[in-house]
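Here's the structure we're looking at; comments come further down.
The values are calculated or read from the model by the stated rules, or taken from the named source; none is laboratory data. Just so you know, these numbers come straight off a predicted model, no measurement behind them. Using ideal geometry, Cβ is built from the backbone for each residue, glycine included, and neighbour counts are taken over all protein chains shown.
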Ligand SMILES: Nc1ncnc2c1ncn2[C@@H]1O[C@H](COP(=O)(O)OP(=O)(O)OP(=O)(O)O)[C@@H](O)[C@H]1O
Ligand SMILES: [Mg+2]
């Protein structure tokens, strides 16, 4: 029988933002981590993955549901659980050895034993010979290894890794990841289970025994894909490519705003729905890529990611934005150009802007609302603050800010409205403003 180490049931968590409104970040999260497994967690930025990890480590309390560690309710930091972060705050004046010993000092381990165990963790992670070095003498990859040694030195049975490789350059990140997998597969680590949060689908598929897809707003486990292929896995093998496709599919279906829409029909959005973080130039480049190189208007996402040299978390918002605006269809892990998308790609710059503006007003209620409000305003201009306020009613402040930035960027491109970065005023485009004496010329 599989031995559960950590079990979360119906976990909920809200945060109060600066203006006092509560926002539910996690709701009804069911999750368990069993002995012997690596679980990868994928999900949008802000969906609550780091919050979930902090809850599992006992660093923050839940508002609802239960967290059990080895069958016991978890109150406060769990001794057997260690976290690895994207980047470590190493103490610059302490050597590698001293930085690693720190975790043991806090636990009252005596001096000789500390030195021995830190030395072993440093060896294990491939830093032998650097015990006396200061952090500034190390490369980014080596510093991250020190951080991992600091987590491993306490011999945690659970290791929670929060985007542990994403601050490193690609090759360094991959090497460190492969080294850790090797240690895991060789049984050289004291660790019995790992939870890995990642933005990288490939990484998740190469590492995990189970991949979980997290939904946002509120965060909860939306889908799960077990992976039984033995490690090390070959990223170019057909099996791995198929699994990556599968994860892409899981990530693109059932997530607003593309939820429940049939082909060719952009989803119905609400005023304060999140907008995908997509930059117009990149959306355009992606559309162009779809007609180039013999794609003939259709390509699968993993292939596009590779050709466009984009990471998954960069490509997905672009694909979603194109679908939202009706320029492409996103079905399974395939992106294909719509008739309108083809007109767009073949159009002049002016036609492109017109089509963009038209689609924006038709499918993004926030943009339509801003435009409508401007048309009502005698001066044709409005402060951004009330719009932010409106978004903050249902979104976290940082997300609200991002959504408004995106709407403004898209609106400017489609000449639906303009924005002044000095005054932070949104206003009608010049041609329109002149005519906005009550008879807007839209
Ligand atoms: N201590 C806190 N107080 C208030 N809000 C918080 C706090 N911690 C997290 N949040 C909010 O909770 C939401 C989820 O944050 P979290 O960091 O867990 O997301 P994430 O999935 O890890 O995102 P990313 O992929 O960007 O790391 C965000 O909207 C964030 O602003
Ligand atoms: Mg995070």
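Some points to look at:
- Yes/no for residue 197 being assigned to a strand (DSSP E or B), away from ligand 1 (no atom under 14 Å from the Cβ) and crowded, with 20+ Cβ neighbours inside 10 Å: no
- Strands (runs of 3 or more DSSP E) wholly inside the stretch 1-118 containing at least 3 residues that are modelled with pLDDT of 90 or more and within 16 Å of ligand 2 (Cβ to nearest atom): 22-34, 38-43
Residue-by-condition table, conditions (1) touching a residue at least 12 places away in the same chain (Cβ under 8 Å); (2) not in a helix (DSSP H, G or I):
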residue	(1), (2)
353	yes, no
357	yes, no
360	yes, no
394	yes, yes
402	yes, no
412	no, no
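- Residues in the stretch 89-103 that are in contact (Cβ under 8 Å) with a residue 24 or more places away in the chain and loosely packed, with under 13 Cβ neighbours inside 10 Å: 91, 92, 93.
- Residue in the stretch 205-241 that is surrounded by the fewest Cβ atoms within 10 Å (Cβ to Cβ), counting only those that are in a loop (DSSP other than H, G, I, E, B) and within 16 Å of ligand 1 (Cβ to nearest atom): 218
- Residue in the stretch 315-340 that is farthest from residue 388 (Cα to Cα), counting only those that are outside any loop (DSSP other than H, G, I, E, B) and more than 27 Å from the chain's Cα centre (by Cα): 339
- Residue selected from the stretch 58-88 under the condition under 21 Å from residue 177 (Cβ atoms) and buried (at least 16 other Cβ atoms within 10 Å of the Cβ), by the criterion nearest to ligand 1 (Cβ to nearest atom): 86
- When each of 146, 154 is tested for being free of Cβ contacts under 8 Å to residues at least 60 places away in the same chain and away from ligand 2 (no atom under 16 Å from the Cβ), the lone residue that passes is 146.
- Any hit, the stretch 160-182, residues being out of contact with any helix residue (DSSP H, G or I) (no Cβ under 9 Å at 6 or more places or on another chain), within 17 Å of residue 83 (Cβ to Cβ) and surrounded by 19 or more Cβ atoms within 10 Å (Cβ to Cβ): no
- In the stretch 31-48, residue farthest from the chain's Cα centre (by Cα) [restricted to those that are within 12 Å of ligand 1 (Cβ to nearest atom) and more than 15 Å from residue 10 (Cα to Cα)]: 41
- Among the numbered conditions (1) closer than 24 Å to residue 225 by Cα; (2) surrounded by fewer than 18 Cβ atoms within 10 Å (Cβ to Cβ), the only one that residue 108 does not meet is (1).
- Filter result for residue 321 (closer than 29 Å to residue 218 by Cα and either buried (at least 20 other Cβ atoms within 10 Å of the Cβ) or modelled with pLDDT under 85 (or both)): yes
- Qualifying residue in the stretch 144-166 (condition: over 21 Å from the mean Cα position of the chain (by Cα), within 23 Å of residue 230 (Cβ to Cβ) and part of a helix (DSSP H, G or I)): no
- Residues within the stretch 317-356 that are under 20 Å from residue 277 (Cβ atoms) and not assigned by TED's automatic domain parsing to the domain that holds residue 287, tallied: 1
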